[in-house]
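Report on the following structure.
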Amino acid sequence: MTVAAERVGFDVRLRQAPGRDGTLVGTVQMHADRRGVDLLDLAVGLGKSPWRLARVTPPPSVSWNSEQIATTPVTFTGGAGDDERIGVSGVWRRDGKGALRVTATHVFLETLQGAFDRPARFGGVLDLDATVRGTRDQPIVTGTVSVTEGRVERVTYEKLAGRVDYAGDVFDIDVRLDQKPGVWLTA
């Protein structure tokens, strides 16, 4: 870790077991006067899957107080051509009145599962747009999800798409699974 004025650099390596490791490398600009940081550079490694903070001007900012954590849009890119994207923005409030938006665009499920150095059980390309509200004890999640060119173990499908909501320990699901043209199932 390095500290120069209000700029903090870090390089953290974690290992749970052989093949299960992670890294967190980056630089943040601290703002003690307003309890916040600007994310100048950040790379998150899950196993062999690196994700890098997309550079924007001004840099993404995260702030906090006793009632909330807020973030301007933060986007991570990954994949061979940095064409996989995961984003987070919004406010998570202790009283449940805030909302965080979580997006995933063109994310290969195999990439996410590759963090655990074992064969990927699920495959396909994920697109997700979800909103997380509520409290830590009573989360509320609403969103749309799509997985194309998917598979579970060795069973393949063309597309799984629909809406999934979660509140009060109950899922509300409205999805369609297309196996091949003319063969589909809804739930």
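The values are calculated or read from the model by the stated rules, or taken from the named source; none is laboratory data. This is a predicted model, so every value here is computed, not measured. Cβ placement follows ideal geometry from the backbone for every residue including glycine, while neighbour counts extend to all protein chains displayed. Calculation scope for accessible area: heavy atoms of the full protein, side chains included, ligands and nucleic acids excluded. Shrake-Rupley method; radii C 1.70, N 1.55, O 1.52, S 1.80 Å.
In square angstrom, what is the accessible area per residue of segment 43-157 with a 1.4 angstrom probe?
Per-residue value: 59 Å².
What is the distance in Å between the Cα centres of segment 151-167 and segment 26-84?
29
Roll a 1.4 angstrom probe over the protein heavy atoms and tell me the percent of accessible area of the chain that is carbon or sulfur.
The C+S portion of the solvent-accessible surface of the chain is 58 percent.
Would you look at the GNM of the chain, springs on alpha carbons closer than 10 Å, and say which of GLU149, GLU158, GLU67 moves the most?
GLU67
Identify the residues of segment 120-135 with backbone N under 14 Å of a label point that sits 7 angstrom from the Cα of ARG151 along the Cα-to-Cβ direction, or state none.
120-125
Among VAL28, VAL170, VAL91, which one shows the highest mean-square fluctuation when the chain is modelled as a Gaussian network with alpha-carbon springs under 10 Å?
VAL170
Which of the lysines could a cross-linker span from LYS180 if the Cα-Cα distance has to be under 20 Å and same-chain partners fewer than 8 positions apart are dropped?
Answer for LYS180, where 20 Å is the Cα cut-off: LYS159, listed by chain and number.
Percent of Cα-Cα pairs more than 18 Å apart in segment 86-187, please.
For segment 86-187, the fraction of Cα-Cα distances above 18 Å is 57 percent.
Using a Förster radius of 25 Å, what is the FRET efficiency between ASP82 and VAL8 based on their Cβ-Cβ separation? Nearest 0.05, please.
Taking R0 as 25 Å, the efficiency between ASP82 and VAL8 is 0.50.
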